[in-house]
Amino acid sequence: MSEGTKGLLEIKYDVLYEGADLKVNELLENECDSQEYSDALNRLISADNKCKLLNKIEVWQRTSSRKAPESISIGDIKVTPFFNC
């Protein structure tokens, strides 16, 4: 993925994490159903895992204009990135 795509995903999962964290804290402060708390906690853990995964992902570096992007091979599959808006 490109740097921009990774940035957008980081924003998305940060927002999901913050929302899930607020919900877990809200449920802790109030009496709640154990299933509701469990669901909220699972959403928080899932968002946290996705944030950690994104930190491990390398991004394609943009090539200068007029230069073809470099391809990579994964087994017998060749992947060539193409940037677009």
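The values are calculated or read from the model by the stated rules, or taken from the named source; none is laboratory data. What you are looking at is a predicted structure, and each value in this text was computed from that prediction instead of being measured. Glycine gets a Cβ as well: all are built from the backbone with ideal geometry, and neighbour counts include every protein chain shown. Heavy atoms of the whole protein, side chains included, go into the accessibility calculation; ligands, DNA and RNA do not. Shrake-Rupley method; radii C 1.70, N 1.55, O 1.52, S 1.80 Å.
Structure notes:
- Applying the criterion of being charged (D, E, K, R) and open to solvent by 90 Å² or more (accessible area, probe 1.4 Å) to the residues of the stretch 1-25, the residue that is nearest to ILE72 (Cα to Cα) is GLU3.
- Condition met for LEU8 (in contact with an Asp or Glu (Cβ under 8 Å, 6 or more places away or on another chain) and in a helix (DSSP H, G or I)): no
- Among the residues of this structure, ILE77 does not count as one that is under 22 Å from the mean Cα position of the chain (by Cα), exposed (fewer than 14 other Cβ atoms within 10 Å of the Cβ) and of a type outside the set (Gly, Ala, Ser).
- The conditions of being at pLDDT 90 or above, of a type in the set (Ser, Thr, Tyr), surrounded by 12 or more Cβ atoms within 10 Å (Cβ to Cβ) and assigned to a helix (DSSP H, G or I) are not met by TYR37.
- Matching residues, the stretch 13-41, being under 23 Å from LYS52 (Cβ atoms) and of a type in the set (S, T, N, Q): ASN25, SER38
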